[in-house]
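The values are calculated or read from the model by the stated rules, or taken from the named source; none is laboratory data. Just so we're clear, the structure is a prediction, and the values are computed from it rather than from any experiment. Because the Cβ atoms are built from the backbone with ideal geometry, glycine has one as well, and the counts that use them run over all protein chains shown.
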Amino acid sequence: MAANNNGIERVTHHSNTGHKFIFVFSVQYLSVKKEFTFKEEFNTECEASPTAWSCEMFFQKVLDDGRACILVTLRRKGYGRNPVKACISLYIKDSAEKYLFNSPKIERERIVAGEVIEEHLVENLPFPEMRSYFNLRLKVAVFIDIISCHSTTGKINSETFRQQKFLYDRL
Ligand SMILES: [Zn+2]
């Protein structure tokens, strides 16, 4: 599994506890492009309680004030009132292979259709070389778990997180 040419790698995994969607991609040359939007739409095709989603991430070139900011949005589409739980884990590395933004994990319970999870990730990059590493290339792995739709024991254990990090480190 290797990311190349801004291509998006997609992995979907359905299990008896939930549905996992993995997207891996690169953001290259923000120094030139200034901004980049990642957008993916997907649905769980759950037999008990299907849900549809759209995920967006907005990246901007870091300016000389050193403030790197990424906007993450996960929107549940459609009309269903059946609440589900969503968990987003993000691994973001700069071109010097340094993890940024503390590899955040965003969890929300009881999301119904029309709801939006929005999160600003902010990191300070005080030195010029840190900003150039960011603006040259980012490697991003997004893990989205949709759970509590066909199983009430929808817990994501720490083992899953270790597997995710292992998967990302192999890239
Ligand atoms: Zn399900």
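Structure above, values below:
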| quantity | calculated |
| --- | --- |
| Any chance Y133 is touching a residue at least 60 places away in the same chain (Cβ under 8 Å), at negative phi and either acidic (D, E) or touching a strand residue (DSSP E or B) at 6+ places or on another chain (Cβ under 6 Å) (or both) | no |
| Residue match in segment 51-62 (condition: within 14 Å of the ligand (Cβ to nearest atom) and exposed (fewer than 15 other Cβ atoms within 10 Å of the Cβ)) | no |
| Qualifying residue in segment 121-130 (condition: β-branched (V, I, T), under 12 Å from the mean Cα position of the chain (by Cα) and at pLDDT 95 or above) | no |
| Among (1) in a strand (DSSP E or B); (2) charged (D, E, K, R); (3) over 21 Å from H120 (Cα atoms) - the single one E47 does not satisfy | (1) |
| Matching residues, segment 96-121, being buried (at least 16 other Cβ atoms within 10 Å of the Cβ) and either touching a Lys or Arg at 6+ places or on another chain (Cβ under 6 Å) or of a type in the set (S, T, Y) (or both) | S103, I111, A113, I117 |
| Single unsatisfied condition, S26 versus (1) surrounded by fewer than 16 Cβ atoms within 10 Å (Cβ to Cβ); (2) part of a strand (DSSP E or B); (3) of a type outside the set (F, W, Y); (4) more than 16 Å from the ligand (Cβ to nearest atom) | (1) |
